Amino acid sequence: MHILVVEDDPVQAEGVASVLSRLGYSVHFARDGESAIRALRVQPIDAVVLDWHLPKMSGIDVLHWIRNGVGGTYGVLLLTSRVEECDVVTALDAGADDYLTKPFRPDELAARMKALTRRAARNGAPQSLLKAGEYVLDRQGRSVSLRGKAIDFTPKEYDVAAALFNNLGKIMSRDMLAKTAWGREMDSRSLDTHVYRIRQKLQLRPENRLRLSSVYTVGYRLDEMAATETGLSGDQVVVGECL
């Protein structure tokens, strides 16, 4: 199995790698949140050991990207010096599978990683295809098709569209959409331009059974429509909703 260790302290990273290598895992490294996201996009990763305090993006931000981004289903162990109960709750609510405090005991880290990777193996690989309305998202092929015809998205447009598809029915904040596609915050105008282009390319009409709504001051939400539903058009604005 391939494990990504996201840790900016070389000594800590080497300590984690030493434990994982003895277990027979292939270890990959990232020293900040943005590098972690780039690695997760291109490398075959099965689980992540993630430090909370990282340059550029916090471990919690990376965890949110994994859980709300482009099909991220990796097992995640959050490794941190934060020991308060509220910190544990924050990590688990954000989607961490396990939580281990520093300084860690090598045997305990080994045991927890064995349990984490066993769960990942039992769960198997995530489904590559997601059907919503008359559309199909192909996570492996990084494409979206409408009634079998591929939609011509740029890579960034696909990343934003995939985040919306993967969170069907949920409000996605502008900040989270930007971090999903670019790995960092973006100005609202640039993101809104990408969403406008996505809306046009998806051809969001009632017969295609998807609706993309703007949530005032917050972000966007993609909803699947029932075959008989007329509801709001894709260009209408939802006001008064919050995250």
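Would you please name the residue that is surrounded by the fewest Cβ atoms within 10 Å (Cβ to Cβ), looking only at residues in segment 63-73 that are part of a loop (DSSP other than H, G, I, E, B) and touching a residue at least 60 places away in the same chain (Cβ under 8 Å)? So the residue we want is G71.
Any residue in segment 16-36 that is of a type in the set (A, V, I, L, M) and in contact with a Phe, Trp or Tyr (Cβ under 6 Å, 6 or more places away or on another chain)? The answer is no; no qualifying residue exists. For segment 199-225, the set of residues classified as part of a loop (DSSP other than H, G, I, E, B) and crowded, with 20+ Cβ neighbours inside 10 Å consists of L204 only.
Filter segment 1-44 down to the residues that are over 23 Å from the mean Cα position of the chain (by Cα) and among the polar types (S, T, N, Q), then identify the one that is surrounded by the most Cβ atoms within 10 Å (Cβ to Cβ). The selected residue is Q12.
Does L4 fit the bill of being in a helix (DSSP H, G or I) and in contact (Cβ under 8 Å) with a residue 12 or more places away in the chain? Answer is no for this residue.
Table: residues versus (1) in a strand (DSSP E or B); (2) within 27 Å of N166 (Cβ to Cβ).
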residue	(1), (2)
E14	no, no
A36	no, yes
M57	no, yes
D61	no, yes
L78	yes, yes
C86	no, no
D93	no, yes
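The listed residues are Y196, Y158, and the only one of them that is among the aromatic types (F, W, Y) and either part of a strand (DSSP E or B) or free of Cβ contacts under 8 Å to residues at least 12 places away in the same chain (or both) turns out to be Y196. Scanning segment 164-191 for residues that are assigned to a helix (DSSP H, G or I), buried (at least 16 other Cβ atoms within 10 Å of the Cβ) and more than 15 Å from the chain's Cα centre (by Cα) yields one hit, L191. Exactly one residue out of R112, R105, R82 is surrounded by 17 or more Cβ atoms within 10 Å (Cβ to Cβ) and more than 22 Å from the chain's Cα centre (by Cα): that is R112.
The numbers here are math on the coordinates, done by the rules we state, and not lab data. It should be emphasised that the depicted structure is a prediction, and the values quoted were computed from it without experimental measurement. A quick note on method: Cβ atoms are made from the backbone with ideal geometry, for glycine too, and the neighbour counts reach across all protein chains shown.
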